[in-house]
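Here's the structure, in C-alpha cells; my notes come after.
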Amino acid sequence: DVQLVESGGGSVQAAGSLRLSCAASGDRSSRKCMGWFRQAPGKEREGVAAIDSSGDTSYSGSVKGRFTISQDSGQNSLDLQMTNLNAEDTAMYYCAAGDEVGGNCPYNYWGQGTQVTVS
C-alpha cells in the first residue's frame, strides 16, 4: 500500500497563493502516477493536476496557468503550487496516486485531504 498525507492547506485571500504538499510512503516497488483532486460542497470531485510516471503533467482548464504540479525524483513528495487563487478554488484538496498502466492512472491511493479556503 501507499500512504499519502497532505499538508499546506489553509485560508488565503483572493489573488493569494498557497503551496500544498503530499508526503508519500509505503510501496515504492514501482513508479506511480500521481495527481491532485478537489471537491467543494455540493460539487463533484474534479481532477486538478496530474503527473505521470514519465513526468508529463496535465491540468484542468480552470487552473491552467495558475497551478503547477511537481514531484521529487524519488516520488517521496508531490507539490501543488497555487497562485492567483479565487473563490472557486475553495475546496478540499486530495493527493492521489496509482500504479500507472497503459498510460492511464487508476488513482487507487488517496490522502485524507487538506482544506483550502479562499475569501
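Summarise the long-distance tail of P(r) for the chain by giving the % of C-alpha pairs beyond 17 Å.
On the way: 3528 of 7021 pairs.
Of all Cα-Cα pairs in the chain, 50 percent lie more than 17 Å apart.
Which three semi-axes in whole Å describe the equivalent ellipsoid of region 42-112, each the square root of 5 times a Cα gyration tensor eigenvalue, listed largest first? Write down the numbers at each step before the final one.
Details: eigenvalues 87, 43, 28 Å².
Computed over region 42-112, the values are 21, 15, 12 Å.
Taking 0.36 nm per residue of sequence separation and removing the Cα-Cα distance, the VAL101/LYS64 pair yields an extension gain of 10.8 nm.
Give me the compactness ratio for region 1-48, meaning the Cα radius of gyration over 2.2 N^0.38 Å. All intermediate terms of the calculation are to be shown ahead of the outcome.
Numbers: Rg = 13.8 Å, N = 48, 2.2 N^0.38 = 9.6 Å.
Expressed relative to 2.2 N^0.38 Å, the Cα Rg reads 1.44.
Label positions at SER54 and VAL5, each projected 7 Å from the Cα along the C-beta direction, are separated by 3.4 nm.
Placing dummy labels 7 Å off each Cα toward the beta-carbon, the span from GLN81 to SER21 is 1.5 nm.
The order of the peptides 65-75, 84-94, 29-39 by mean Cβ neighbours within 10 Å, most packed first, is 29-39, 84-94, 65-75.
Values quoted throughout were computed directly from the atomic coordinates according to the rules given, and no laboratory measurement underlies them. These numbers come from a predicted model, not from an experiment. Here the Cβ is made from the backbone with ideal geometry for all residues, glycine too, and neighbour counts use every protein chain on show.
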